[in-house]
1. Do you know which residues across segment 250-259 are part of a helix (DSSP H, G or I) and loosely packed, with under 11 Cβ neighbours inside 10 Å?
2. Taking the conditions exactly as written (assigned by TED's automatic domain parsing to the domain that holds Asp256, aromatic (Phe, Trp, Tyr), touching a residue at least 12 places away in the same chain (Cβ under 8 Å) and in contact with a helix residue (DSSP H, G or I) (Cβ under 7 Å, 6 or more places away or on another chain)), does Tyr186 satisfy them or not?
3. Could you say whether any residue in segment 150-167 is surrounded by fewer than 22 Cβ atoms within 10 Å (Cβ to Cβ) and within 23 Å of Gln101 (Cα to Cα)?
4. Which of the residues spanning segment 140-163 are part of a loop (DSSP other than H, G, I, E, B), out of contact with any Pro (no Cβ under 7 Å at 6 or more places or on another chain) and either of a type in the set (D, E, K, R) or at pLDDT below 95 (or both)?
5. Can you name every residue in segment 174-192 that is basic (Lys, Arg) and either assigned to a loop (DSSP other than H, G, I, E, B) or out of contact with any strand residue (DSSP E or B) (no Cβ under 9 Å at 6 or more places or on another chain) (or both)?
6. Considering each of Pro245, Pro277, Pro237 in turn, give the residue that is modelled with pLDDT of 90 or more and either surrounded by 21 or more Cβ atoms within 10 Å (Cβ to Cβ) or more than 26 Å from Pro119 (Cβ to Cβ) (or both).
7. So, Ala195, is that one over 23 Å from the mean Cα position of the chain (by Cα) and part of a helix (DSSP H, G or I) or not?
8. If only one of Ala90, Ala83, Ala96 is closer than 30 Å to Arg34 by Cα, buried (at least 24 other Cβ atoms within 10 Å of the Cβ) and assigned by TED's automatic domain parsing to the domain that holds Asn66, which one is it?
Amino acid sequence: MPHRLPAALVFTAVLLGAGAAAGQDATEAFYRGRTVTVTVGSAVGGGYDSYARLVARHLGRHIPGNPTVIVQNMAGAGSNKAASYVALQAARDGTAIGAVQAGAILQPLLSDQSVPHDPSKFVMLGSANKSAYLCLVRADAPVKSFAELFDREVILGTSSEGATLRDYPVMLINVLGVKLRLIGGYAGSREIVLAMERGEVQGMCGMDWSSLATQQRDWVTGGIVRFLAEEDVEPHPSLSRLKLPLTTAFARSGEDRQVMEMIYSQNLIGRPYFAPPGVPLDRVDALRKALKATLEDRAFLADAEKSGLDIAPMDGEEMQALVARLYALPPRIVERAKQALIYKGPAK
């Protein structure tokens, strides 16, 4: 005789299944006919913008109810302008998503400059890619290797505080003592690329490999620029053929290396997407699942390959745990990291 479950257990299972279906139906009903807005914390045409627009083209198919997904750009303050908008002004109903630079997620850990929101409270939805950053210079720059930066000065273009294009070279100056003269005021990577082409500056550090491959494919193979070093905790697989040294290899002490690795940990966050605190849990779950499905979607991956965009996803729960671990780091390391990102200008 076949084994039968007790009637009470069967009834409970039916109720749970019905509850899940009802929740799915409610989420689908909410999103049907609505618009989800992805607010990008960088200028149009840059790497973060390229990723966000690619994600937006496919995301709506994976959200219950298939809402329209649009992108708006809100550059400024190293993506903190966009982060504050999503956290404090955008709707908390699951129709607002932030796509910001990783530095904006770690703002209180990396800077004493206050922001009106608490990034540790963001609801992380996931990330499209683990970032890989480089130092590079024009082929006619006065250095041929990263080691030569300790003896010869190079002029770099930088963007706003909180962006890797500004923070990473500042950290290299303060922690390693390399001779970099920084020229600020550029909106983002595209503007610095143009400045390099015009000869205004000789290079940049904190440049994302995916952005470079997307914006300047001829630079990768044409001998126009020279790659000096990789800025990361460990070598990135996409850069193995370049055989570049890690900047962390030049650290003069174990604590210096720990500070550099703490700052570079935002590379793992990569290209993050988040919702503001207070979004209903069923919609958070739907958005996390939708982003994960998008980043695994064959059509999406084919589009990414055509655009030269690397995809290495991290799901929302894993990213939430990573952010929590970073916010729990020892105060001494956090303080040293903050000091490492204060630019004091060239020596007199």
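The values are calculated or read from the model by the stated rules, or taken from the named source; none is laboratory data. Note that the structure is a prediction, hence the values are computed from the model and not measured. Cβ coordinates were reconstructed from backbone atoms using ideal geometry, including for glycine residues, and neighbour counts include every protein chain displayed.
1. Step one: of segment 250-259, the residues part of a helix (DSSP H, G or I) are 250, 254-259.
Once the filter is applied, which keeps residues that are part of a helix (DSSP H, G or I) and loosely packed, with under 11 Cβ neighbours inside 10 Å, segment 250-259 yields only Gly254.
2. Numbers: assigned by TED's automatic domain parsing to the domain that holds Asp256: yes; aromatic (Phe, Trp, Tyr): yes; touching a residue at least 12 places away in the same chain (Cβ under 8 Å): yes; in contact with a helix residue (DSSP H, G or I) (Cβ under 7 Å, 6 or more places away or on another chain): yes.
Answer is yes for this residue.
3. Looking only at segment 150-167, we keep the residues that are surrounded by fewer than 22 Cβ atoms within 10 Å (Cβ to Cβ), and these are 150-153, 155, 161.
In the following step, the residues that additionally are within 23 Å of Gln101 (Cα to Cα) were identified as 161.
Yes, that holds for at least one residue.
4. So the first thing to find is which residues in segment 140-163 are part of a loop (DSSP other than H, G, I, E, B), and the list is 140-145, 151-153, 158-163.
Adding the requirement that they be out of contact with any Pro (no Cβ under 7 Å at 6 or more places or on another chain) leaves 140-145, 151, 153, 159-163.
Matches in segment 140-163: Asp140, Lys144, Asp151, Glu153, Ser159, Ser160, Glu161, Gly162, Ala163.
5. Initially, segment 174-192 is screened for residues basic (Lys, Arg), giving 179, 181, 190.
Hits for segment 174-192 are Lys179, Arg190.
6. Pro245
7. On the way: over 23 Å from the mean Cα position of the chain (by Cα): yes; part of a helix (DSSP H, G or I): yes.
It is true that Ala195 is over 23 Å from the mean Cα position of the chain (by Cα) and part of a helix (DSSP H, G or I).
8. Values: Ala90 fails: buried (at least 24 other Cβ atoms within 10 Å of the Cβ); Ala96 fails: buried (at least 24 other Cβ atoms within 10 Å of the Cβ).
The match here is Ala83.
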